[in-house]
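Following: one structure in structure tokens, then a few remarks.
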């Protein structure tokens, strides 16, 4: 039976778009105004076109990254997938989890998002689930912590 995959919140995509849009406006002003006043209209238009092209490329990359994140809760473990060019699938057995961390940066808090980070004894484990609604992140943290404790006690 295939696992049921859960995706990040659509608010994650909105947050990333807002950050790229804000940075694009700042760079447009920093490039366009000096070029427009100092070098003339043609260099300013070329500079603005370059900034807009780079912004569109950044949006495309962020969109593709957003679509690849996902997680699935199974009976004995948690699956986390990610990656645009290099696809990665991390399997974290519940009994191996040491603790579950929930973080939210300033932009994430504005959009009501959190990131769930799973920590195991293996240093190479990179099980991170970004872009979850704060309530879903709290639910997942509590659920995973309870499962991890129950499975670890059986070892």
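Looking at (1) assigned to a helix (DSSP H, G or I); (2) in contact with a strand residue (DSSP E or B) (Cβ under 9 Å, 6 or more places away or on another chain), which is the one condition that is false for residue 18?
Single failed check for residue 18: (2).
With the structure loaded, tell me whether residue 118 is in contact with a strand residue (DSSP E or B) (Cβ under 8 Å, 6 or more places away or on another chain) and buried (at least 17 other Cβ atoms within 10 Å of the Cβ) or whether it fails that test. Talk me through it step by step, then tell me what you get.
Working: in contact with a strand residue (DSSP E or B) (Cβ under 8 Å, 6 or more places away or on another chain): yes; buried (at least 17 other Cβ atoms within 10 Å of the Cβ): yes.
It is true that residue 118 is in contact with a strand residue (DSSP E or B) (Cβ under 8 Å, 6 or more places away or on another chain) and buried (at least 17 other Cβ atoms within 10 Å of the Cβ).
Looking at (1) under 15 Å from the mean Cα position of the chain (by Cα); (2) closer than 22 Å to residue 61 by Cα; (3) not in a strand (DSSP E or B), can you tell me which one residue 132 breaks?
Among (1) under 15 Å from the mean Cα position of the chain (by Cα); (2) closer than 22 Å to residue 61 by Cα; (3) not in a strand (DSSP E or B), residue 132 violates only (3).
Right, residue 148: touching a strand residue (DSSP E or B) at 6+ places or on another chain (Cβ under 6 Å), assigned to a strand (DSSP E or B) and not assigned by TED's automatic domain parsing to the domain that holds residue 16 or not?
Numbers: touching a strand residue (DSSP E or B) at 6+ places or on another chain (Cβ under 6 Å): yes; assigned to a strand (DSSP E or B): no; not assigned by TED's automatic domain parsing to the domain that holds residue 16: yes.
When the stated conditions are applied, residue 148 does not pass them.
Scan (1) surrounded by fewer than 17 Cβ atoms within 10 Å (Cβ to Cβ); (2) under 30 Å from residue 32 (Cβ atoms) for the single condition residue 66 breaks and write down its number.
If we test residue 66 against (1) surrounded by fewer than 17 Cβ atoms within 10 Å (Cβ to Cβ); (2) under 30 Å from residue 32 (Cβ atoms), just (1) comes out false.
Only one residue in 23, 59, 35 is outside the structural domain of residue 129 (by TED's automatic domain parsing), at pLDDT 95 or above and surrounded by 13 or more Cβ atoms within 10 Å (Cβ to Cβ), so which one is that? Please lay out each step first, then the result.
On the way: 23 fails: at pLDDT 95 or above; 35 fails: at pLDDT 95 or above.
From the options 23, 59, 35, the qualifying one is 59.
Answer yes if at least one residue in the range 84-92 is touching a helix residue (DSSP H, G or I) at 6+ places or on another chain (Cβ under 7 Å), at pLDDT below 90 and over 15 Å from residue 9 (Cβ atoms), and no otherwise. Show your work before the answer.
At the first step, the residues of the range 84-92 found to be touching a helix residue (DSSP H, G or I) at 6+ places or on another chain (Cβ under 7 Å) are 84.
Okay, now just the ones that are also at pLDDT below 90, so none.
Among the residues of the range 84-92, not one is touching a helix residue (DSSP H, G or I) at 6+ places or on another chain (Cβ under 7 Å), at pLDDT below 90 and over 15 Å from residue 9 (Cβ atoms), which makes the answer no.
The values are calculated or read from the model by the stated rules, or taken from the named source; none is laboratory data. Predicted model only: the values in this text are computed from it and were never measured. Quick reminder, even Gly has a Cβ in these numbers, built from the backbone with ideal geometry, and neighbours come from all protein chains shown.
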